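The values are calculated or read from the model by the stated rules, or taken from the named source; none is laboratory data. Because the structure is predicted, anything quoted here is derived from the model rather than measured. Don't worry about glycine lacking a Cβ; one is built from the backbone with ideal geometry, like all the others, and counts go over all protein chains shown. Accessible surface areas use protein heavy atoms only, side chains included; no ligands, DNA or RNA. Shrake-Rupley method; radii C 1.70, N 1.55, O 1.52, S 1.80 Å.
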Amino acid sequence: MKRRDFVKSLGAGSLAVGAAVTGAPAVHAEEKIKWKMVTTWPKNFPGLGTGANDLADLITEMSGGRLEVKVYGANELVGALEIFDAVSRGTAEMGHGAAYYWKGKSEAAQFFAAVPFGLTAQEMNGWLYSGGGMELWTEVYAEFGLVPTAAGNTGVQMGGWFNKEINKVTDLEGLKMRIPGLGGEVLKRAGGTPVLLPGGEIFPSLQSGAIDATEWVGPYNDMAFGLYKAAKYYYYPGWHEPGTTLECFVNKKALEALPKDLQSIVLNAARVANANMLAEYTARNNAALETLVTEHKVDLRQYPDEVMKKLKELSDEVVSELAAKDPMSGKVFASFRKFRDQAIAWHNVSERAYLNQRSL
Ligand code: CA
């Protein structure tokens, strides 16, 4: 068919479609597909919100504009913690969050975000992409009509912001702390009160005294929220989130309705976004830590070994009990634990051995 005839055959109604009228070498003119992405992050929040934007832009770019994704920050379309349900019922086609927010839907979801004393970013990616983790995650989200995938990683987080010193585990007793997921369960066993708050509510809650302490992410993000203005001590390491995976989940029906190449673009754009976010955190955290300590005079503290030892014991207890009571969690944990054991053995002679030598 000659191009002129082809354009004519589309009919007047289709002339608005760009490629056919502008002379681009289009074989066929397609309608633009428009998707909505809802997120748990404040719009454009550094690292997390911008990570969601990055994923949306990548999809639009890689598809040559055939699939355009519009990002909605927390509470723009639905509440921060309502995005799972919103994508599940198709209000939006995709969401960007962290899997431990959905433990009320499926306890096993928590393994795909962060496990206390669990996997680092590098290890999470190894487990998910090449160690069987992704298959399990897909299984967990299937009953909600969602297809999940990794879409970012913060690296090792910080332990949190406190207005009192933490010298022994009993210093955590009675402490009302914002800390999500399994780490929150561990805090509860140590005598504290875990609170789940979306990012945007942390600073006002800490400042007003509604919470006594909080963790958020790391220097880059914590400085952006101004947390140093509301707490004195900044503890490390983030034992509860050693390499948190951020997620993208897609409504399964919406994904399957796409042509195969666009399906591949959505999932592979998430892989690129996953790598981009970790690179960004790696690059920004060190600069931000320096600013916090030198300019904002933050008191940087390491958790005492005794506190870490006890929290690790409690973490093992919490995770083992979860695996014993919830069959899907048991199945996921079996895979996770095997991978972690092997990763520990390997990283003792690789990453750890090298880092120890480098820091001498
Ligand atoms: Ca965190």
Treating the range 134-282 as a set of equal point scatterers at the Cα positions, no solvent, please give the Debye-formula log₁₀ I(q)/I(0) at q = 0.16, 0.20 Å⁻¹. -0.91, -1.16
Dipole magnitude (debye, nearest 20) for the range 227-343, charges at Cβ of Lys, Arg, Asp, Glu: 220 debye
In a Gaussian network model of the chain with springs linking alpha carbons closer than 10 Å, the residue among 294, 138, 244 that fluctuates most is 294
Once you've got the GNM for the chain with C-alpha springs shorter than 10 Å, pick whichever of 191, 243, 209 has the biggest mean-square fluctuation. 209
Compute for the chain: radius of gyration divided by Kirkwood radius, i.e. Rg/Rh, restricted to C-alpha atoms, rounded to two decimals. 1.04
Once each part is reduced to its C-alpha centroid, what is the distance from the range 286-360 to the range 51-78 in angstrom? 32 Å
Cβ charges +1 (Lys, Arg) and -1 (Asp, Glu), total dipole of the chain, debye: 640 debye
Run the numbers for residue 295 and residue 34: contour at 0.36 nm per residue of separation, minus the present Cα-Cα distance, in nm. 89.5 nm
Debye, to nearest 20: dipole size of the range 217-259, +1 on Lys, Arg Cβ, -1 on Asp, Glu Cβ: 140 debye
Amide H within-cut-off set for residue 218, under 5 Å, with H built and near neighbours excluded: 158
Between residue 256 and residue 61, how high is the FRET efficiency from 1/(1 + (r/R0)^6) when r is the Cβ-Cβ distance and R₀ = 30 Å? Nearest 0.05. 0.85
For residue 168, list the aspartates and glutamates whose Cα falls under 14 Å from its own Cα; do not include residues on the same chain fewer than 8 positions away. 305, 306
note: the range 146-188, Cα-Cα separations exceeding 12 Å make up a percent value of 73 percent
Binned Cα-Cα distances of the range 46-140, short to long, each 10 Å bin given as a whole percent: 14, 38, 39, 9, 0
Antiparallel bridges, percent of DSSP beta bridges restricted to the chain (to nearest 5): 45 percent
Whenever you get a sec, compute what percent of the accessible area on the chain sits on carbon and sulfur atoms (1.4 Å probe). 53 percent
Using the Cα atoms as the points, what is the convex hull volume per residue of the range 73-116 in Å³? 73 Å³
May I ask you to derive the relative contact order of the chain, considering only C-alpha pairs under 8 Å and at least 6 residues apart, and to give it as an integer percent? 22 percent
Just the number: Rg to Rh for the range 133-207, Cα atoms, Kirkwood Rh, two decimals. 1.08
Considering only DSSP states other than H, G, I, E and B, which trypsin sites (Lys or Arg not before Pro) in the range 201-275 qualify as loop sites with at most 16 other Cβ atoms within 10 Å? 232
Aspartates and glutamates near residue 232 by alpha-carbon distance under 20 Å, same-chain residues fewer than 8 away left out - which ones? 165, 171, 173, 201, 212, 215, 222, 290, 295, 299
Charge dipole (the chain, unit charges on Cβ, about Cα centre) - positive-most of 270, 238, 296: 270
Furthest towards positive pole of dipole, 183, 346, 53, structure part the chain, Cβ charges: 53
Packing-based ranking, highest mean first, of 212-221, 343-352 given that Cβ atoms within 10 Å are counted: 212-221, 343-352
Probe 1.4 Å, accessible area per residue of the chain, Å²: 45 Å²
Length released on extending from residue 130 to residue 44, taking residue separation times 0.36 nm less the Cα-Cα span: 27.8 nm
Which length gain, in nm to one decimal place, applies between residue 325 and residue 173 when the Cα-Cα distance is subtracted from 0.36 nm times their residue separation? 52.1 nm
3J(HN,Hα) from dihedral phi, the range 215-227, Karplus parametrisation 6.51/-1.76/1.60, rounded to Hz, x for glycine, proline: 10, 9, 10, x, x, 4, 7, 5, 5, 4, 7, x, 4
Could you state the principal axis extents of the C-alpha atoms in the range 241-360, from the largest down, to the nearest angstrom? 53, 41, 30
With x for Gly and Pro, the residue-by-residue ³J(HN,Hα) of the range 75-91, computed from phi through the Karplus equation 6.51 cos²θ - 1.76 cosθ + 1.60 at θ = phi - 60° and given in whole Hz, is 6, 6, 10, 9, x, 3, 9, 9, 5, 4, 5, 4, 6, 4, 8, x, 4
For a quick check: with amide H placed at 1.01 Å from N, whose amide H comes under 5 Å from residue 70's, ignoring anything fewer than 5 positions away on the same chain? 35, 36, 37
